[in-house]
Every structure is written in structure tokens, then in C-alpha cells.
1. If you roll a 1.4 Å probe over segment 51-90 with all protein chains in place, what percent of the accessible area is carbon or sulfur?
2. Which three numbers, in whole Å and largest first, are the semi-axes of the equivalent ellipsoid of segment 1-59 derived from its Cα gyration tensor as √(5λ)?
3. More than 16 Å apart: what percent of Cα pairs in segment 54-98 qualify?
4. Under a plain spin-label model, where a point goes 7 Å from the Cα along Cα-to-Cβ, how far apart in nm are Asp53 and Arg81?
5. Write down the Å³ per residue value for the convex hull defined by the alpha carbon atoms of segment 1-103.
6. For segment 1-129, what is the charge dipole size about the Cα centre, in debye to the nearest 20, if Lys and Arg each add +1 at the Cβ and Asp and Glu each add -1 at the Cβ?
7. Can you tell me the Rg and the Dmax, both Å, for the Cα atoms in segment 79-162?
8. Using only the alpha-carbon atoms, what does the chain span along each of its principal axes? Please give whole angstrom values in decreasing order.
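The values are calculated or read from the model by the stated rules, or taken from the named source; none is laboratory data. All values reported here derive from a predicted model rather than from experimental measurement. Cβ placement follows ideal geometry from the backbone for every residue including glycine, while neighbour counts extend to all protein chains displayed. All accessible areas refer to the heavy atoms of the entire protein, side chains included, with ligands and DNA or RNA removed. Shrake-Rupley method; radii C 1.70, N 1.55, O 1.52, S 1.80 Å.
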Amino acid sequence: MARRYDPERRQRIIDAAIRVVGARGLAGLSHRTVAVEADVPLGSTTYHFKTLDELMVAALRQANEGFAKVVAARGALEDSRTDLAGELAALTGEWLAGDRTGVELEYELYLAALRRPALRPVAAEWAQDFAELIARRTDPVTARALVALIDGICLQVLLTGAPYDEEYAREMLGRVMRWRGDA
């Protein structure tokens, strides 16, 4: 029997992994559950991703793109005339107001890096890339502090179920910037 050419299979497997983690958490992720979700043979998942860590890296990279798209769509971080603290607070609010399952999934994969060293470089990429973008408007140390604060606010919102308070976020981000002399 000839092999069927399926150029989208790898992407379907990544998408399926994201859906599995979204529905069952990381504990529910296996090559078998992903194969069932993607409607592909089990061998396809192990062909494209030898280990679950490889699959999680691909899923985390794709999940990170969700935030990057929100940042790119707004575009105001590049404009020196905009209030950086206000723009970061609004950007965070827009991201959290989107698909909540997607945001939770991103953080679940992001935090999985604590126990899975293969995920650490990808998790670090997100923070580093975001800090580099912010550093265009401030210094690198302040940019890292702003990213850490945004991360903390997002985690608090996700863990407590409390509504996102954009004004609070703007004020706290502004304080970090004023502390460093940027605002």
C-alpha cells in the first residue's frame, strides 16, 4: 500500500496536542491521546515527535505565537508617543480577554518547563523576546521587570479567577518605570 502524502499532518498533531492539554491538562497528554485527537495513526505522532517533550516544545512554540499576534496586531509598543505602561496594560487585558483556554494552556505549558528541561529554552524565548521588544522603549533591566510583573499579574488572574484590572496593571507598570526613571 502506498503511503499517503499528508503535508498538514505534523501541524494537525501539534493542534491536537494543544487541544488535549487544554481539555485534560499535561497529565492527559500522550502520543496515543494526541493520535486519537488528530485522527492519525499512532506511528505518525512518534514519527514527527520522537518524545512527548518534542511535542510539548512544538505546542509551546505555537501557543507563544498567540501572544505575539496580539502584540503585533496592536503595534503601539513601537510608537514612542504612546504611554508604555498604558499600552502594556491594555495589551495584557486584550490577551486575557481572548480565548481563556488558550491563555491557560500557554501558562500550563510555560510552567511545565519547571519540571521538563526541554521546555525551558522555549519558555525563556517568550520572556526574552517580549523583554527585547519593551527594551526598545526603556532599558533592558526595566523591560525584564515589566515582563515579570505582567507574568505575575496574569498568573494571579488565572489562578484566582479574579477579573483583570487594567487600571491596577497600568499603575503598577508605571511605578516600575518611574522607579527606574523611565516615566
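1. Details: 950 of 1800 Å².
Percent of accessible area from carbon and sulfur atoms in segment 51-90: 53.
2. Numbers: eigenvalues 75, 23, 19 Å².
Calculated on Cα positions only, the semi-axes equal 19, 11, 10 Å.
3. On the way: 438 of 990 pairs.
Summing the P(r) of segment 54-98 above 16 Å gives 44 percent of all pairs.
4. 4.9 nm
5. Numbers: hull volume 11.6 nm³, N = 103.
Per-residue hull volume (Cα only) is 113 Å³.
6. Numbers: 17 positive and 19 negative charges, 148 e Å.
Charge dipole of segment 1-129: 720 debye, to the nearest 20.
7. Both quantities, over Cα of segment 79-162: 13.5, 41 Å.
8. Taking max minus min along each principal axis of the Cα atoms, the chain gives 67, 31, 27 Å.
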